[in-house]
Amino acid sequence: MRRTTGWLVSVAAAVAVASGAVTYAVADGDGGPADLKVPAAESADAGFARDMAVHHQQAVEMSFIVRDRTKDEEVRRLAYDIAQTQANQRGMLLGWLDLWELPKVSQKAPMAWMGMGDAPVGEDGALMPGMATNTQLAALGKASGRRAEIMYLRLMTAHHKGGVHMAEGCVRRCVVGAEKRLARGMVASQESEIDLMTGMLKDRGAKP
């Protein structure tokens, strides 16, 4: 599993570097500021940027929690990679909202840009698909060792599945080329990490 983890970290790092190169390339092509395409405040592009920034923030939080709750190097490396990658992507999403001069908070419900605004309101801090509840985060913060590892891997697997669902929604609905490319990269990297975490859970005698 160490070899697989190392390969995944390298791939994710490459995705992050490539993503950074398109942070301000918000036009469909390689044009300059004159070609800038500014989406509407309640567009899929703006909605995805807002919601995924919130979604990513929780993944970063969970990763920092487990880093201090286990000494297992494989889990700590994965958590570090997820935290770094998603913090970088979150910065890009918020940066686009700044560049577009759009608010970072919408009056509409989360996921409204995906046609899911009438879905039941998330409870206990789980605002969107895959997000952990405040109770689950508190339990992770109290766990240690293998129990913390299994809890983190299960929570992050569910979190990634929700993130993939959202990113696929952006691929279908977003119109800004750079954002669609970032969403495709999220789908690929998070699906790979789901496969990796499934194997890591199996190694620990647990299921997703």
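The values are calculated or read from the model by the stated rules, or taken from the named source; none is laboratory data. Note that the structure is predicted; figures quoted are calculated from it, not measured. Quick reminder, even Gly has a Cβ in these numbers, built from the backbone with ideal geometry, and neighbours come from all protein chains shown. Note: accessible area is taken over every heavy atom of the protein model, side chains too, but ligands, DNA and RNA are not part of it. Shrake-Rupley method; radii C 1.70, N 1.55, O 1.52, S 1.80 Å.
For the range 60-124, the per residue solvent-accessible surface stands at 55 Å², with DNA, RNA and ligands left out and a 1.4 Å probe.
A simple count of charges around ALA83, restricted to other residues whose Cβ falls under 13 Å of its Cβ and scoring Lys, Arg +1 and Asp, Glu -1, yields 0. Taking all protein chains as shown and a probe of 1.4 angstrom, LEU102 keeps an accessible surface of around 30 Å².
Apolar share of the accessible surface for the range 55-202: 52 percent from carbon plus sulfur atoms, 1.4 Å probe.
Within straight-line reach of LYS207, meaning a Cα separation under 28 Å, sit the following lysines at least 8 residues removed in sequence or on another chain: LYS71, LYS142, LYS161. Bridgeable aspartates and glutamates around LYS202 (alpha carbons under 18 Å apart, same-chain partners fewer than 8 residues away excluded): ASP72, GLU73, GLU74, GLU149, GLU191, GLU193. Solvent exposure of GLU73, expressed as accessible area, is near 90 Å², computed with a probe of 1.4 Å over the protein chains only.
Size descriptors for the range 37-94: radius of gyration and Dmax over Cα atoms are 14.2, 46 Å. Extension gain, ALA188 to SER144: 0.36 nm times the residue separation minus the Cα-Cα distance gives 12.8 nm.
Can you return the aspartates and glutamates within cross-link range of LYS108? Criterion is Cα-Cα under 16 Å, with same-chain partners fewer than 8 residues away left out. Counting by Cα, and skipping residues close in sequence, LYS108 has these aspartates and glutamates nearby: GLU42, ASP45, ASP51, ASP118.
Projection of the Cα convex hull of the range 147-208, averaged over all directions and equal to a quarter of that hull's surface, yields 3.9 nm². Kirkwood radius, the range 58-120, all distinct C-alpha pairs, inverse of mean reciprocal distance: 14.0 Å.
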